[in-house]
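What follows is a short report on a single structure.
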Amino acid sequence: QTEICWYLLEEIIVNNELTTGCETGISMRVACSGVKHSEMEPEFKYVGNMHGNEVLGRELLIYLAQFLCEEYRAGNERITHLIHDTRIHILPSMNPDGYEVAARQGPEFNGYLVGRGNSKEVDLNRNFPDLNALMYYYEKQNGQNHHLPLPDNWELQVEPETLAVIKWMQNYNFVLSANLHGGAVVANYPFDKSREPRIRGKTISSATPDDKIFRKLAKTYSYAHSWMHKGWNCGDYFDEGITNGASWYSLSKGMQDFNYLHTNCFEITLELSCDKFPPATALASEWLANREALVYYMEQVHHGIKGMVYDENNNPISNAVISVAGINHDITSGTDGDYFRLLLPGTYTVTASALGYQPFTSMVTVGPAEAVQVHQRLKFLRPTLAQDKEQELFPQHRQNMSLLFKPKNNKGKHGLSL
């Protein structure tokens, strides 16, 4: 714990134009835009060491933080571009107390459970509010499909580490994330919790409405990794090195599903090593195996569509709902009115709506690589005929009924700006 804290503090001091300390435990933020969110700049996060005895992710994220800072200072164009256009949050250890327990055992004697939980031996990846059951109910009732509400007194039902991470998620409009684990080598995507009871000997996948993009994100990491995509690892076989979480084994109250159901963030779980606590001699080769994948996965945050949502007076609209026809999962605009929607290449019907405004629908084409930006100001919508009559009767109650997607010729080059 102390060792990581001093290391990251040193990185922050040496690279003070790039990094800042964050409030969520031991973490650092790599950004050139300061401590506040910048319009049209997506937020990305990596979380490691959720299980204290799964330590490779912790070490890789420390290596990654150092690598990003050093390569930026050396003028690496790819890293410079990534840092300029992305706010990168790195949390090397979500469970430092569990790590201390595991570290005292060391790699030679570390078992499956020693240090897995926090100081109270609670598994943090079974500690988030269970929103899957609510989501599966809403699916049958055609109910809410995003930003599901938390239960009453939820703060009293979770561990301090879980509470801190949830508050972190709520404070930043994260777009993409990965949670680093160990004990297998596979990229795991949601849902983790099965919709139906598991039948012995039969795997049951539990797909999200965004299953295609999640599979693509998982393959992005597995194929950039030196051997994950080969399938056979640690005595298990996963086709192309990926798996749906519930198809592997069903779990409740996990962080991966919580990200998707409570926030705008898409998260996958990366199992990175057969050994939960590999020896120090393995770190160099593991870093080389994962380095490109860690960077390439971050770059995926710039794929899809993004834009600003304004009213007719040019005021940004927060919490506007962005819907994509055919995908039953919406996202919302942030406090600055900007939104980011991960999508595969294709043509989509996209609708923005907000309380007190007329919805606006547009056809959008996403390119195969760097999506094309739309440099076009869309026209204001007129009120409906019924609203015209209402305004004639009650002119004092006239309201702005228009919603504008305003293109932003910002520095982000990857997303499609509406």
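The rows are residues; the columns are (1) under 30 Å from residue 302 (Cβ atoms); (2) in contact (Cβ under 8 Å) with a residue 24 or more places away in the chain; (3) surrounded by 14 or more Cβ atoms within 10 Å (Cβ to Cβ).
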site	(1), (2), (3)
119	no, no, yes
136	no, yes, yes
165	yes, yes, yes
169	yes, yes, yes
174	yes, yes, yes
178	yes, yes, yes
195	no, yes, yes
202	no, no, no
218	yes, yes, yes
Just for helices (runs of 4 or more DSSP H) wholly inside region 177-285: which have at least 3 residues that are closer than 28 Å to residue 150 by Cα and touching a His at 6+ places or on another chain (Cβ under 8 Å)? 255-262
Only residues in region 310-327 that are within 12 Å of residue 349 (Cβ to Cβ) count as the first member; pair them with residues that are among the basic types (Lys, Arg), Cβ under 6 angstrom, at least 6 apart or cross-chain, and list the lot. 322/341
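Conditions (1) more than 19 Å from the chain's Cα centre (by Cα); (2) touching a residue at least 60 places away in the same chain (Cβ under 8 Å); (3) on the phi > 0 side of the Ramachandran plot, marked per residue:
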| position | (1), (2), (3) |
| --- | --- |
| 59 | yes, yes, no |
| 63 | yes, yes, no |
| 66 | yes, no, no |
| 73 | yes, no, no |
| 86 | no, yes, no |
| 90 | no, yes, no |
Quick check on residue 101: is it farther than 29 Å from residue 300 by Cα, surrounded by 14 or more Cβ atoms within 10 Å (Cβ to Cβ), among the hydrophobic types (A, V, I, L, M, F, W, C) and at pLDDT below 95? yes
Kindly indicate whether residue 247 is in contact (Cβ under 8 Å) with a residue 40 or more places away in the chain, surrounded by fewer than 24 Cβ atoms within 10 Å (Cβ to Cβ) and of a type in the set (Gly, Ala, Ser). yes
Sole residue being assigned by TED's automatic domain parsing to the domain that holds residue 205, on the phi > 0 side of the Ramachandran plot and of a type outside the set (Val, Ile, Thr), chosen from 121, 139, 100, 108: 121
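The values are calculated or read from the model by the stated rules, or taken from the named source; none is laboratory data. Just so it is clear, the model here is predicted, and its values are computed rather than measured. Because the Cβ atoms are built from the backbone with ideal geometry, glycine has one as well, and the counts that use them run over all protein chains shown.
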